Ligand code: EPU
């Protein structure tokens, strides 16, 4: 059993995909639950705030760093347990790498996570954001989430209903101080069919199977390969040789607006000749009648081109929804660019964009415009 080692002044830029941000006042890697309890008691005795970090692929850390102690969950362990002939429960500890888990499930022909291939990050972060892509969300297959309640240090197993999942949201995101995610269990379908709900993925698979002169439904391995190729083409897998690699994936969520508001956006796009036909405006009607618009599309049509450079930062050259760091910059500069992008979309379309990554070490809403006197 390893023992808790608390370090001081640890630079968080080295631990985040954006490669930005100041130092953690204190820092520790957490390899098991006993170590987590020890670290929490250490912090509580000193009245220090605790921040939990996963793989650092969906965070923006402030230039001032993070006060208190930052705990990076590195707990490992995956188990597969057949529940019936059709359902297998896969339990993974929070510190497991997400994509390795997806790969292992696909290799065992377990359906339910295949469209979530290639997403950077750790398992423990996935229920927090309700990670989703290409027609799947983790909420579709989560059976339960094991958490530690911070105030009592009690362990609980939460049902999906208790997790309060929504589009890129959950009870964990709403109350970040309440729980620490310890492990996630997924109910996957043994030899199940892949999820083919996302037009771009279905089209890519149709092209692939045509060239292979196959007509049957693609298998999970083929779906995984297609998703990886789509993500790579958008710089949405971490590749050390990619100029867009320093990012947090989508910087904004896709805005969900009323049907009336969506209609106004569509009319505006047609009037301004941003599209030839109203149908060309990407949108995803939601079950409650609201409409999800594509933030990347709005950003580009608001005049912010892919590849735009702004000091040490810019817009990804492959996807307008990802802001990227080109090295040597500060988080404050990233936020200036992010506010500029949001402002343009608001001015052109009257739509507010919300940020997607988690912000650490900021006292005020990082997207609020600074006062004219610079305060
Ligand atoms: N689009 C543009 N310009 C762009 C990017 C996109 O016009 O620069 C248009 C596309 O042509 C398409 C629409 O916007 O019509 C949607 O684009 P895309 O399929 O790339 O997906 P997205 O809505 O931008 C979301 C997720 C991604 C996920 C993809 C695929 C959010 C915030 N993002 O992006 O997730 O991989 O769908 O399912 O929901 C992430 O959360 O970090 C992430 C990468």
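No lab work stands behind these numbers, since they all come straight from the coordinates. The shown structure was predicted, so the numbers you read here are calculated from the model rather than taken from an experiment. Cβ placement follows ideal geometry from the backbone for every residue including glycine, while neighbour counts extend to all protein chains displayed.
Set side by side, the residues 196, 188 differ, and just one is touching a helix residue (DSSP H, G or I) at 6+ places or on another chain (Cβ under 7 Å) and in a strand (DSSP E or B), which is 188. Exactly one residue out of 106, 147 is assigned to a strand (DSSP E or B) and farther than 29 Å from residue 285 by Cα, and it is 147. State whether one or more residues within the stretch 327-342 are surrounded by 17 or more Cβ atoms within 10 Å (Cβ to Cβ) and within 13 Å of the ligand (Cβ to nearest atom). Yes, the stretch 327-342 contains a residue that is surrounded by 17 or more Cβ atoms within 10 Å (Cβ to Cβ) and within 13 Å of the ligand (Cβ to nearest atom).
One residue alone among 216, 203, 208 is without any contact (Cβ under 8 Å) to a residue 24 or more places away in the chain, surrounded by fewer than 13 Cβ atoms within 10 Å (Cβ to Cβ) and assigned to a helix (DSSP H, G or I), and that residue is 203. Here residue 80 passes the criteria (1) outside any strand (DSSP E or B); (2) without any contact (Cβ under 8 Å) to a residue 40 or more places away in the chain; (3) touching a helix residue (DSSP H, G or I) at 6+ places or on another chain (Cβ under 9 Å); (4) over 21 Å from residue 176 (Cβ atoms) except the one numbered (1). Within the stretch 233-273, the residues that satisfy the criterion of being surrounded by fewer than 17 Cβ atoms within 10 Å (Cβ to Cβ), free of Cβ contacts under 8 Å to residues at least 24 places away in the same chain and under 26 Å from the mean Cα position of the chain (by Cα) are 239, 240, 241. Among the residues of this structure, residue 237 counts as one that is under 18 Å from residue 117 (Cβ atoms) and within 14 Å of the ligand (Cβ to nearest atom).
Every listed requirement among (1) more than 10 Å from the ligand (Cβ to nearest atom); (2) at negative phi; (3) part of a loop (DSSP other than H, G, I, E, B); (4) loosely packed, with under 15 Cβ neighbours inside 10 Å is met by residue 305 save one, (1).
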